[in-house]
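Nothing in this text is a laboratory measurement; each read-out follows from the coordinates by a stated rule. Just so we're clear, the structure is a prediction, and the values are computed from it rather than from any experiment. In this analysis, Cβ positions are derived from the backbone assuming ideal geometry, glycine residues included, and neighbour counts consider all displayed protein chains.
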């Protein structure tokens, strides 16, 4: 699952969600609920009035502001629209999602609705989207931080001379790759700064997977920054949006759908892992 239609903010930051369909379960209203065992735990803020006695003590954790979150290891889901159902090869199937707050549900003959809590409406696809392992820690209090600048990247070697195509010469293409590399460096640095603002502490190592829509708007962020989720400050979202918007003007990265950014001390690397143009293969840049 890589996107939601309706979901609380803390779930957006834990995308993508990977898991295994464990079993089919009937309910009192329909026969086709599916139990999805998650690859890694999911955390959510209980709504007002939620009775914490419904979950075990070890499922209750605290975020950095001391607020209670609930940890779950499975979701219950079903197709959102009548006439649809989960099937092999499904792509972006709209589903209703509920947290499984009592793991004994997996042993029940049918769905006990007292053991679940509504979560979100999302889109499910068969497959797997990699992500780094990092515990979510949303809404950390922002604080200023001083960040050591990253070293400038060396200019990539130009490709062998070829005939120009679409009015772009090989020299122009090499220059475009250099410009796109610098812009992705800036994206990594901007995200790093935003995380440091949120934490009030430097970040030494970061691996962040970003997904963007066709208009270069950020739709997903996951990964690991010094062992925690890469959550930036609210103010940094505008700066990230500005950098992403500039991708649209650059040949080679104007179709970026997903990019992985890596920071290790002063070293910055990046890898375009998906594009919106199906005919274009992912580009790796360093």
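Mind giving me the FRET efficiency for residue 123 and residue 47? R0 is 22 Å, r the Cβ-Cβ distance, nearest 0.05 is fine.
0.45
Would you mind getting me the FRET efficiency between residue 182 and residue 87? Use the beta-carbon distance for r and R0 = 35 Å, nearest 0.05.
Here the calculated transfer efficiency is 0.20.
If each residue's Cβ is checked for other Cβ atoms within 10 Å, how do 22, 99 rank with the fewest at the top?
In increasing order of surrounding Cβ atoms, one gets 22, 99.
Regarding region 1-71, what's the average projected area of the Cα-atom convex hull, expressed in nm²?
In nm², the orientation-averaged hull projection of region 1-71 is 6.4.
For a quick check: sort 211, 6 by the number of other beta carbons within 10 angstrom, fewest at the front.
Result, fewest neighbours first: 6, 211.
FRET efficiency for residue 58 and residue 37, Cβ-Cβ distance as r, R0 = 22 Å, nearest 0.05?
0.80
Can you sort 195, 116 by how many other beta carbons sit within 10 Å, fewest first?
Ascending Cβ contact count within 10 Å gives the list 116, 195.
Roughly how far apart, in whole Å, are the Cα centres of region 3-36 and region 192-240?
Result: 25 Å between the Cα centres.
Label points 7 Å out from Cα along the Cβ direction at residue 9 and residue 107: separation in nm?
Distance between label points: 3.9 nm.
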